[in-house]
Amino acid sequence: MLEYKLFPPELRGRPRSHQTLDSKEKSGYILARMNYEIIFAPEAVQDFKHLSARERSIVPDAIEQHLRYEPEKTSKSRIKRLRGISRPQYRLRIGEIRVFYDVVEPDVEILAIIPKSKVTAWLEEVGE
């Protein structure tokens, strides 16, 4: 069972029997990847409870997949580093849901899990 700080039991993802390997690992190189601790702010836990059942089943797996080992690896659409504000630092896109988080080695601090329609208002209120 995966362990999370401030992550209630009903939100915990299922352990993965097989982790995807990087192409370098497949080629014979053994790479050590840092395992980040995922911490949920109380507000993020409340946000999670307001999601639909379908979204509640998808979000923990996506957070585990994308933020456990490489939370700072940006992409064209999935993970973005936010500019113009110092907090939150990053945004993870999971369908119509946006997860805002900060990376403070060795932790990933999940600040909010909100629908796309509420992002602008949330950033104006909370963004620093």
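Please verify whether residue 78 is closer than 20 Å to residue 122 by Cα and either charged (D, E, K, R) or modelled with pLDDT of 95 or more (or both), treating the condition exactly as stated.
yes
Taking only the stretch 43-54 into account, find how many residues are out of contact with any strand residue (DSSP E or B) (no Cβ under 6 Å at 6 or more places or on another chain) and closer than 28 Å to residue 33 by Cα.
Qualifying residue count for the region: 1.
Filter the stretch 61-88 down to residues that are hydrophobic (A, V, I, L, M, F, W, C) and more than 21 Å from residue 37 (Cβ to Cβ) and give me whichever is surrounded by the most Cβ atoms within 10 Å (Cβ to Cβ).
Residue satisfying both the conditions and the ranking: 82.
Mind counting the residues in the stretch 89-114 that are without any contact (Cβ under 8 Å) to a residue 40 or more places away in the chain, buried (at least 16 other Cβ atoms within 10 Å of the Cβ) and either part of a strand (DSSP E or B) or hydroxyl-bearing (Ser, Thr, Tyr) (or both)?
The number of residues fulfilling the criteria is 9.
The values are calculated or read from the model by the stated rules, or taken from the named source; none is laboratory data. Quick caveat, the model's predicted, so the values are computed rather than measured. As a convention, Cβ positions derive from the backbone with ideal geometry for all residues, glycine included, and neighbour counts pool all protein chains shown.
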